Structure formats: C-alpha cells, structure tokens
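What follows is a set of notes on a single structure, which appears directly below.
Nothing in this text is a laboratory measurement; each read-out follows from the coordinates by a stated rule. Note that the structure is a prediction, hence the values are computed from the model and not measured. Cβ: placed from backbone, ideal geometry, glycine included. Neighbour counts: every protein chain shown.
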Amino acid sequence: MPHETRCKLAIKAIPNAPRNEVVGWLGDALKVKVHAPALEGRANDELCEFIADTLGLPRRAVTVALGDKSRQKLLQIDGLTLADVRQRLTEKPNPMG
C-alpha cells in the first residue's frame, strides 16, 4: 500500500481531570480532559491511549506531533483522515444517555 492515511488533530488538553473525557470541539481543536497529571509525559501517554481507544485504533497509531509540554497539542493519527476522526468523535454515543 503506497498510500498512507494519516492526519493531524489539534487538541486542547486539560490534565488532572476526574476522568478521561472528550468535552467537544473548540473551533478546529478538540477539548479533551485527561485524568493523568501533566508530569513526566503521563498526561500525553494517557491522552494518546484514550484518543486511540475512542477512535478504535491501536495505541501506536496516535502520537504527539507538537506541544509535548503545552496544553495546546497536535496529535498525529495514522489510519484515519481528519473527516473520519471528526465523524467518529461526533458519533460516539453518550453514556449518560
């Protein structure tokens, strides 16, 4: 397969949240609460794992491209287009009903 599908997703991360949660879109950025503290990369690791799980991708498919030490991040997502990512995040059923 010579053609690879990948995209970049802008994130506004909120560490130290009570639980991992996709809050919603802020313009082109996705606001995400992460339970882990912003310490030694733990919030980045948990953010990538949470986004991968939410999108139904393997953990290795989601990496931090920019903003390692910032709340404003750019994630690289392998295997989906940005349109696919937006659709999957928008269609997620709300567990609260």
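Say the dipole of the chain comes from +1 at the beta carbon of Lys and Arg and -1 at that of Asp and Glu; which of GLN76, ALA36, CYS7 then lies farthest toward its positive end?
Of the listed residues, the answer is ALA36.
Is it possible to state the helix-based mean residue ellipticity at 222 nm for the chain, with each DSSP H run of 4+ residues giving -39500 (n - 2.57), the sum divided by total residues, to the nearest 500 deg cm²/dmol? What is it?
-7500 deg cm²/dmol
For mean projected area of the Cα convex hull in nm², several values are listed as (i) 12.7; (ii) 9.4; (iii) 6.4; flag the one computed from this structure.
The value matching this structure is (iii).
Note down the relative contact order for the chain as a percent, whole number, built from C-alpha pairs under 8 angstrom at least six residues apart.
Numbers: 165 pairs, mean separation 29.6, N = 97.
Across the chain, relative contact order equals 31 percent.
Treating the beta-carbon of each Lys and Arg as +1 and of each Asp and Glu as -1, no other charges, what is the dipole magnitude of the chain about its Cα centre, to the nearest 20 debye? Could you put the intermediate results ahead of the total?
On the way: 15 positive and 12 negative charges, 51 e Å.
For this selection, approximately 240 debye.
If I build a Gaussian network model for the chain, linking alpha-carbon pairs within less than 10 angstrom, which residue out of ALA13, ALA29, ALA43 has the largest mean-square fluctuation?
Comparing ALA13, ALA29, ALA43 in the GNM, the peak value goes to ALA29.
Calculated FRET efficiency, THR81 and VAL23, Cβ-Cβ r, R0 22 Å, to nearest 0.05?
Numbers: r = 22 Å, r/R0 = 1.02.
Approximately 0.45, to the nearest 0.05.
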